[in-house]
Amino acid sequence: PIRDAHGCVFGFLCVCRETTVRVLQRRQREAELARQWRVLEQAPSFMAVLSGPDHRHEFVNQAYQAAFGPRPMAGRPIAEVFPEALQQGFVALLDQVRSSGLRHVGTRTPFVVDPASPQPSTRVFDFIYEPLFDDDGDVANIFVLGNDVTELVRSQAGERAGNERYAKLLD
């Protein structure tokens, strides 16, 4: 309130800041980020973001869930969710990426899913473990990106076997 010499209110002062542009920019950034997360969630390649020295699942997309089966993953370490990953050396590779800060690329890498079950399945993956750095240059997270190439590998093996039989027949 603004008062006169007698202390009576004769007006007021309201200080405002125009924030429309800032608010619209923030909303646009949030919408873009949400769109990007939807794209990642629906991507055909499997993706995950792992954090901390125990490689906890911060994000997994639908393809990751499909590739590795319905297991509770959110916030859980990879060795807890996939004991077979620990046994097969995948956690050691994650540890190496975290300590070195260098990407690891796996090509045509077999992975035995649930080896303790009566019928374990072997899947073949092409994958990347990509370190994600924080502002201090330390590895904060590891981005996992990959594709299940099991059927492609089987198809190529069958094709090679057929070609070899055909070549023997011609000989």
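The values are calculated or read from the model by the stated rules, or taken from the named source; none is laboratory data. Note that the structure is a prediction, hence the values are computed from the model and not measured. Positions of Cβ are backbone-derived with ideal geometry, glycine not excepted, and every protein chain shown enters the neighbour counts. Ligands, DNA and RNA are excluded from the accessible area calculation, which covers all protein heavy atoms including side chains. Shrake-Rupley method; radii C 1.70, N 1.55, O 1.52, S 1.80 Å.
For the stretch 69-76, putting each phi into the Karplus relation 6.51 cos²θ - 1.76 cosθ + 1.60 with θ = phi - 60° gives couplings of x, x, 10, x, 10, 3, x, 9 Hz, in residue order, rounded to whole numbers and with x for Gly and Pro. Please report, as a whole percent, how much of the solvent-accessible surface of the chain comes from carbon and sulfur atoms (probe radius 1.4 Å). Using a 1.4 Å probe with all protein chains present, the chain comes out at 56 percent carbon and sulfur. Which of 34, 50, 121 sits farthest toward the positive end of the charge dipole of the chain, with +1 on the Cβ of Lys and Arg and -1 on the Cβ of Asp and Glu? Working it through, the farthest residue towards the positive pole turns out to be 34. Across the stretch 1-70, Cα pairs under 8 Å and at least six residues apart give a relative contact order of 19 percent. Summarised as an ellipsoid, the stretch 38-107 has semi-axes of 19, 14, 12 Å, derived from the eigenvalues of the Cα gyration tensor scaled by 5 and square-rooted, with the largest first. Taking every DSSP helix (H) stretch of at least 4 residues in the chain, weighting each as -39,500 (n - 2.57) and dividing the sum by the residue count yields a mean residue ellipticity at 222 nm of -13000 deg cm²/dmol. Amide H contacts under 5 Å for residue 76: 57, restricted to partners 5 or more places along the chain or on a different chain, H placed in the peptide plane at 1.01 Å from N. The gain in end-to-end length when the residue 130 to residue 34 segment is fully stretched comes to 32.4 nm, 0.36 nm per residue minus the alpha carbon separation. Peptide packing: for 51-60, 27-36, the average count of neighbouring Cβ atoms within 10 Å per residue gives the ranking 51-60, 27-36, highest mean first. Calculated FRET efficiency, residue 108 and residue 76, Cβ-Cβ r, R0 35 Å, to nearest 0.05? Plugging the Cβ-Cβ distance into 1/(1 + (r/R0)^6) gives 0.80.
Whole-Hz Karplus values for the stretch 54-68 come out as 9, 6, 6, 6, 8, 8, 9, 9, 4, 5, 5, 4, 5, 5, 10 Hz, taken residue by residue from phi with 6.51 cos²θ - 1.76 cosθ + 1.60 and θ = phi - 60°; glycine and proline positions read x. For the listed peptides 2-9, 148-155, a ranking on the average number of other beta carbons within 10 Å per residue, highest first, reads 148-155, 2-9.
Highest mean packing comes first when the peptides 39-45, 73-79 are listed by Cβ atoms within 10 Å, giving 73-79, 39-45.
For the stretch 1-110, what is the accessible area per residue in Å² when the probe is 1.4 Å? Computed with neighbouring chains in place, this is 69 Å² per residue.
Given R0 = 35 Å, the distance between the Cβ atoms of residue 86 and residue 152 translates into a calculated FRET efficiency of 0.85. Each listed q (0.15, 0.16 Å⁻¹) maps to a log10 I(q)/I(0) for the chain from the Debye sum over equal C-alpha point scatterers, namely -0.94, -1.02. In this label model, residue 42 and residue 54 are separated by 3.5 nm, measuring between points 7 Å along each Cα→Cβ vector.
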